[in-house]
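Structure, as C-alpha cells:
The values are calculated or read from the model by the stated rules, or taken from the named source; none is laboratory data. Bear in mind that the values here come from a model prediction, so they are computed numbers and not experimental data. Glycine also receives a Cβ, built like all others from the backbone with ideal geometry; neighbour counts cover every protein chain displayed. Each accessible area value is taken on the protein alone, full model and side chains, heavy atoms only, with ligands, DNA and RNA left out. Shrake-Rupley method; radii C 1.70, N 1.55, O 1.52, S 1.80 Å.
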Amino acid sequence: MPSKAIASLDAWLTRAEEVLAEQREHCISPSLGLSEGNGHYEWTTTLAALSEGLEGLLESLCRRPGRWILIIEHDRRRHLFWQALAFEDGSLVTETVSNHYLPEEHHWTREQEEQLLALGWEWHIRPYLTNWIDVQATTSPDIDVVCQRALATLREPFGLGNEDEVFVKMFSSSIRGSTPASPEYSTEDEAAPLPDHAPAGDGTEGDRDDNDNCRYLPSPED
C-alpha cells in the first residue's frame with residue numbers, strides 16, 4: 001500500500017476514534033456519527049502494494065479502540081473474499097469464503113480446499129460457521145502469521161498475482177461485549193443473519209451484499 005494511502009487511512013482511523021469517543025460520551029450510537037463516506041473507507045490497490053501494508057494495517061486495527069472490519073475482495077471476482085474483525089482488546093478473527101457461498105461453477109476444488117487447510121484455515125468448527133475461519137483468542141494475536149496466511153490465500157486459491165487488483169473495504173462496528181479472548185466468548189453470539197441460499201449473480205462481478213458473506217462478521221449497519 002503506498003505511503004500516501006497509509007497516511008490517509010491512519011488519519012481516517014484517528015478521526016473515527018474521536019467520533020466514536022464523542023458518541024459514547026453522549027450515549028449516541030457510534031454507527032450514526034461516521035459521516036465521512038458513511039463510515040466506510042474503500043480503495044483499490046494491487047496485491048503487491050497490499051502485501052507491503054497489510055501487516056501494519058492489521059496491527060493498527062488491533063491496537064485501536066472499538067471493533068474494526070476489514071474486507072479484501074478479488075477486484076473482478078467479488079465472490080472471492082477475505083475478511084477480518086479486530087476486537088477492542090486486540091483479539092482477531094479472520095475468514096475466507098467457502099463453497100457454502102460460492103456459485104456451484106466456482107466451487108473450490110478438493111485440491112484448493114486442501115490448500116486452505118494446509119494454510120491453517122479451519123472448517124466448520126461450529127455448525128453455524130459457514131466460512132473458513134481462524135480465531136486468534138488472545139489479546140496479542142500473531143499478526144505476522146495471520147498476514148502471511150491472508151496473502152498466501154489471495155495468491156494460491158484466489159489465483160492473484162502481484163499486479164492484480166484487490167478491492168479493500170474497512171468500517172467500524174458499534175457492537176461491544178465478549179471477545180475471542182474472553183472466557184465466556186461464543187462466535188454464535190456475534191454471528192450476523194445468513195441468507196437461506198448463496199448470493200445470486202454470475203460469480204464474476206462485484207454485485208453482492210456484504211451480509212451475503214458475513215456469517216461471523218457484523219454488517220456495516222451494526
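Tabulated values for the structure
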item: Filtered residues of segment 89-121 (kept if touching a Phe, Trp or Tyr at 6+ places or on another chain (Cβ under 6 Å) and assigned to a loop (DSSP other than H, G, I, E, B)); result: 97, 98, 99, 121
item: Odd one out for residue 112 among (1) open to solvent by 10 Å² or more (accessible area, probe 1.4 Å); (2) within 25 Å of residue 68 (Cβ to Cβ); (3) of a type in the set (S, T, N, Q); result: (2)
item: Unique match (being crowded, with 20+ Cβ neighbours inside 10 Å and either assigned to a helix (DSSP H, G or I) or in contact with a Pro (Cβ under 6 Å, 6 or more places away or on another chain) (or both)) among 54, 70; result: 54
item: Test set (1) at negative phi; (2) open to solvent by 70 Å² or more (accessible area, probe 1.4 Å); (3) assigned to a loop (DSSP other than H, G, I, E, B) - residue 124 fails condition number; result: (1)
item: Candidates 119, 102, filtered to the one that is surrounded by fewer than 19 Cβ atoms within 10 Å (Cβ to Cβ) and in contact with a helix residue (DSSP H, G or I) (Cβ under 6 Å, 6 or more places away or on another chain); result: 119
item: Residue pairs meeting the criteria (Cβ under 8 Å; at least 6 apart or on separate chains; first under 22 Å from residue 115 (Cβ atoms) and acidic (Asp, Glu), in segment 126-141; second open to solvent by 10 Å² or more (accessible area, probe 1.4 Å) and not in a loop (DSSP other than H, G, I, E, B)); result: 134/122; 134/149
item: Answer from 149, 176, 155 - the residue that is without any contact (Cβ under 8 Å) to a residue 60 or more places away in the chain and either open to solvent by 20 Å² or more (accessible area, probe 1.4 Å) or within 29 Å of residue 107 (Cβ to Cβ) (or both); result: 149
item: Test result for residue 59, open to solvent by 10 Å² or more (accessible area, probe 1.4 Å), more than 20 Å from residue 93 (Cβ to Cβ), modelled with pLDDT of 65 or more and assigned to a helix (DSSP H, G or I); result: no
